[in-house]
Amino acid sequence: MATPITTACSLRNVANYPATLQASGSSGAARWISTGAQVQFAQICKRTGSFEYDLGNAVKLLCMWNQENRVVVKIVRADTPFVWQEIEQDLKPNNSNDKLEVGFGEYTANAYLNPSEDGSKKLDVVISFSFH
């Protein structure tokens, strides 16, 4: 069994809606992130860490990472079902990005996962929106 690791998470919301936490792999995730705000929180994870945020009624931001410094970030339409085990198949070394076109613009998400010398991790995620 994997030893729990602490991940220092930083999430910046520069999208057009506040982000509301819907699910998290462990306690500690920020429940609400205002538009234009950046929040920091820690998550203690055994094998993987994850969180899901809703941005208004439009989209969901999904992020997962593991102890092997692999990360995935996804943006899906709010009404799109997803399975975390399938998302886990898309983990990539150190960084991930995704985008989703909507009728009036585009959502973009970027995630960067960096290990620290003490074994902990630092995760930086940015979600943004641009009008066409």
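Every number in this text was worked out from the coordinates using simple rules, so none of it is lab data. The structure displayed is predicted, hence computed values, not measured ones. In this analysis, Cβ positions are derived from the backbone assuming ideal geometry, glycine residues included, and neighbour counts consider all displayed protein chains.
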Quiz item: Ranked highest first by average number of other Cβ atoms within 10 Å, how do 67-77, 112-122 line up?
Solution: 67-77, 112-122
Quiz prompt | Amide proton proximity set for L91, modelled H, under 5 Å, gap of 5+ | solution = none
Quiz item: How high is the relative contact order of the chain, in percent, with contacts defined as C-alpha pairs under 8 Å that are six or more residues apart?
Solution: 25 percent
Quiz prompt | Among the listed pairs K60/K122; K60/K99; K74/K99; K46/K121; K46/K74; K46/K122, those beyond 19 Å (Cα-Cα) | solution = K60/K122; K46/K74
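Could you give the size of the charge dipole of the chain about its Cα centre, using +1 on the Cβ of each K and R and -1 on the Cβ of each D and E, expressed in debye and rounded to the nearest 20? Walk me through the intermediate numbers first.
Numbers: 12 positive and 13 negative charges, 39 e Å.
In debye, rounded to 20, the chain gives about 180.
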Quiz prompt | Distance-filtered residues of the stretch 1-24 - backbone nitrogen under 11 Å, label point 7 angstrom along W84 Cα→Cβ | solution = 23-24
Exercise. Go through [x] 12, 45, 36, 7, 0; [y] 13, 48, 32, 7, 1; [z] 11, 35, 29, 15, 7, 3, 0 and flag the label whose value is the computed P(r) over Cα pairs in 10 Å bins from 0, in percent for this structure.
Key: [y]
Quiz prompt | Potential lengthening between S128 and V14 on full extension [0.36 nm per residue; Cα-Cα distance subtracted] | solution = 40.6 nm
Self-check item: Whole-Hz couplings from phi, Karplus 6.51/-1.76/1.60, listed for the stretch 54-65; x for Gly and Pro
Solution: 8, 10, x, 9, 8, 9, 10, 9, 10, 9, 9, 8
